[in-house]
Amino acid sequence: MIICGVKLTHDGGVALIDDGRLIFSIEMEKLANNPRHQSIDDMQIVVDLLAEYGYRLEDVDRLVLDGWGRTHMVKPWGAQEVLVELAPYRRGLLDNNLLRPYPSRFLDLEYTSYPHYAGHVASAYCSSPFAQRQEPSYILCWDGAMFPVLYHYDAATNVIDNVGAVHYMLGDTYHILAQHFPPFDAPIEWPHTLDLPGKIMAYVAYGNRDEKAVDALRTLYSEVARKVFPDGRPTDNHLTEAAGRHIMSLMDEGLNAPGISPEDMIASVHAFLGETLVDGLRAAIETDGRGTRNLCLVGGCALNIKWNRDIRAAGIVDRVWIPPFPNDAGSALGTACCELLNWTGPKHLEWDTYAGPALVESEALPGWHGHPCTPAQLAAWMHEMGDPVVVLYGRAELGPRALGHRSILAPAVASDMKHRLNEIKGREAYRPVAPMCREDRVSELFAPGTPDPYMLFDQEVRPEWQEKVPAICHLDGTARVQTVGPEDDSFVYEVLDAYERLSGIPLLCNTSANHKGSGFFPDVRSAMEWGRVPAIWSDGVLYERAGD
């Protein structure tokens with residue numbers, strides 16, 4: 001069966017699955033330097049992407065659209081706009097079957113839509129090692145406009161049960177409460193609010209948890225929840241976005257922090273929400289009592305590396321899985337996975353991290369000169385020069401994190417490298433720079449030293465290494481680690497291996513290569529036009545700018 005998944009709204013994308021194998025998953029922001037969170041307004045892009053990989057629209061057995069709870073205007077192949085009906089955000093009126101399809105059509109094209117939350121849940125499970133082993137799993141989904149809802153997937157019966165919400169705050173609560181305090185109190189418009197949670201998470205390291213503030217937040221939340229749900233624990237029918245907005249509004253109005261610094265208050269908001277999440281998750285799983293020891297985390301809030309670390313460390317389950325596309329970057333793939341779960345065939349997805357768009361061929365700009373350069377020679381260049389280099393290689397990685405194919409790599413040994421990279425990218429000074437580390441060395445440098453291939457967990461930098469690699473150390477002594485083994489990506493591993501043999505350091509700085517406010521560079525020429533680093537490596541060629 002050939003399934004094409006499409007997300008039309010913000011973070012638009014197209015994904016194609018052929019008999020359970022992912023052919024591609026491409027977000028609009030990763031094409032042609034499009035703005036971040038780019039939507040799809042013309043369905044011609046679906047036809048064009050299918051054709052690029054040797055498929056026609058007529059070949060597709062199931063066209064599936066991500067749900068959003070409203071209609072969306074699109075141009076069907078450049079013609080007059082047509083109103084497309086989408087499934088609801090999380091559930092329908094008839095029942096709470098997450099995999100209930102919503103069949104529809106526009107013009108002569110039949111399609112199916114699934115609830116937005118269903119896509120998140122399906123993508124997390126189908127991409128997981130649990131699906132490959134046909135094991136059951138809990139799936140916790142917490143997205144911006146919804147409560148953190150826990151589901152249980154039974155692989156034997158192919159049934160997803162709604163266990164319930166683990167608490168009653170929307171994902172938006174994180175940045176709404178933090179926006180009471182500088183530097184996040186300036187007005188900001190959609191869709192740029194989608195970038196706020198990551199910035200707030202980075203800024204948390206500037207403050208310290210204040211026990212009085214955390215206790216006050218707990219009290220405020222309890223009072224607000226009783227006002228909104230006076231009869232106690234609400235049924236699922238009461239967990240509407242309107243109820244969540246009401247809770248968030250009451251908490252927003254009642255937030256008071258006399259005598260507490262903005263930095264400590266933001267850190268306290270972060271701690272309160274994270275602890276509420278962990279406590280609620282533990283209680284929900286213990287009450288459910290099925291004994292399943294697998295857990296998938298998904299939704300935009302699964303990008304919070306500190307909460308992910310806390311959940312993994314809590315011992316609630318034995319194994320925690322987060323795909324590299326937990327936010328809406330994975331929604332086109334997710335809605336296709338809904339169809340995969342409803343299909344009679346295998347439920348696990350055969351996929352690769354680097355299934356994004358291929359590099360677009362382009363010519364070098366005048367003033368840039370290229371010469372052959374192996375991965376080992378690239379490592380030697382960074383070691384000798386001490387400079388960052390843009391790396392554009394093969395197909396782009398899935399999701400929002402650059403994982404070595406659309407990256408800026410740099411040595412981490414210079415104390416000013418973090419400042420330099422933030423300045424190059426036009427980012428705030430408090431933003432950390434992530435390390436890319438050899439998997440077989442990670443336990444020596446970090447605690448707990450767990451393999452984390454997608455930069456989705458927080459780890460502590462061991463004290464004896466903090467002075468050796470200062471560029472990747474955040475203010476609280478942590479780092480968002482990407483581990484790389486030879487089976488993950490041979491090119492990236494070869495660069496790290498060669499760099500360690502020269503320097504004794506098994507890691508490099510890694511940040512995304514892109515224009516500010518846009519997706520990854522689609523070609524070498526874009527990186528040259530940007531021109532903020534002295535060298536660009538792409539597919540075996542190192543381009544250097546004359547005079548640098």
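Quick note: the coordinates plus some simple rules give every number you see, no bench work behind them. All values derive from a computational prediction rather than experimental measurement. All Cβ positions, glycine included, derive from the backbone under ideal geometry; neighbour counts span all protein chains shown.
Taking amide H as placed 1.01 Å from N in the peptide plane, the amide H of Gly164 sits under 5 Å from that of Leu150, each at least 5 places away or on another chain. Over region 171-313, the reciprocal of the mean inverse Cα-Cα separation, the Kirkwood hydrodynamic radius, stands at 16.3 Å. Here the Karplus relation 6.51 cos²θ - 1.76 cosθ + 1.60, evaluated at θ = phi - 60°, turns the backbone of region 471-488 into coupling constants of 5, 9, 8, 6, 4, 8, x, 10, 8, 9, 7, 10, 9, 10, x, x, 7, 6 Hz, with x for every Gly and Pro. With pairing defined as another cysteine C-beta under 4.7 Å, the cysteines of the chain that fail it are Cys4, Cys141, Cys296, Cys301, Cys338, Cys373, Cys437, Cys473, Cys509. Remark: region 69-142 is approximated by an ellipsoid whose semi-axes, taken from the C-alpha gyration tensor as √(5λ), come to 29, 14, 11 Å, largest first. Based on the Stokes-Einstein relation at 25 °C and a viscosity of 0.890 mPa s, and on the Kirkwood radius from alpha carbon pairs, region 164-245 is assigned a translational diffusion coefficient of 167 µm²/s. Holding the Cα-Cα limit at 24 Å, pick out from Lys199/Lys306; Lys30/Lys75; Lys199/Lys468; Lys7/Lys306 the pairs that are longer than that. Beyond 24 Å: Lys199/Lys468; Lys7/Lys306. Would you report the distance distribution of C-alpha pairs in region 1-104 as whole percents per 10 angstrom bin, up to the bin with the largest distance? Reading upward from the zero bin: 14, 44, 35, 7, 0. Using the Karplus relation 6.51 cos²θ - 1.76 cosθ + 1.60 with θ = phi - 60°, the per-residue 3J(HN,Hα) values for region 118-124 come to 4, x, 4, 4, 5, 5, 5 Hz, with x marking Gly and Pro. Of the GluC sites (Glu not before Pro) found in region 63-140, those in coil by DSSP whose Cβ has at most 13 other Cβ atoms within 10 Å are Glu81. Distance from the C-alpha centroid of region 266-324 to that of region 1-46: 29 Å, rounded to the whole angstrom. When the charge dipole of the chain is built from unit charges on Cβ atoms (+1 for Lys and Arg, -1 for Asp and Glu) and taken about the Cα centre, the candidate among Ile305, Gly449, His180 whose Cα reaches farthest toward its positive end is His180. Rg/Rh for region 368-545 stands at 0.93; both radii use Cα atoms, and Rh follows the Kirkwood definition.
The charge dipole of the chain, taken about its Cα centre with unit charges on the Cβ atoms of Lys, Arg (+1), Asp and Glu (-1) only, comes to about 680 debye. Simple rule: put +1 on each Lys or Arg Cβ and -1 on each Asp or Glu Cβ in region 368-545, find the dipole, and look at Gly485, Pro375, Leu392; the Cα lying farthest toward the positive end is Leu392. Of all DSSP-defined beta bridges confined to region 368-545, some 80% are antiparallel rather than parallel. Centre-to-centre separation between the Cα atoms of region 96-128 and those of region 147-178: 17 Å. For Thr483, nonlocal amide neighbours, meaning residues 5 or more places apart or on other chains whose placed amide H falls under 5 Å from its own, are Cys437, Asp452, Tyr454, Met455. By DSSP, the beta bridges lying fully in region 137-321 are antiparallel in about 60 percent of cases. Applying the Kirkwood pairwise sum to the alpha-carbon positions of the chain produces a hydrodynamic radius of 24.1 angstrom.
Could you tell me the center-to-center distance, by alpha carbons, between region 399-431 and region 447-515 in angstrom? That distance is 12 Å.
Computed from backbone phi, the HN-Hα couplings of region 392-406 come to 10, 8, x, 8, 6, 6, 7, x, x, 9, 6, 10, x, 9, 9 Hz, rounded to whole numbers (Karplus: 6.51 cos²θ - 1.76 cosθ + 1.60, θ = phi - 60°; Gly and Pro given as x). Normalised by the number of residues in region 241-387, the mean separation of alpha-carbon contacts (under 8 Å, six or more apart) gives a relative contact order of 16 percent.
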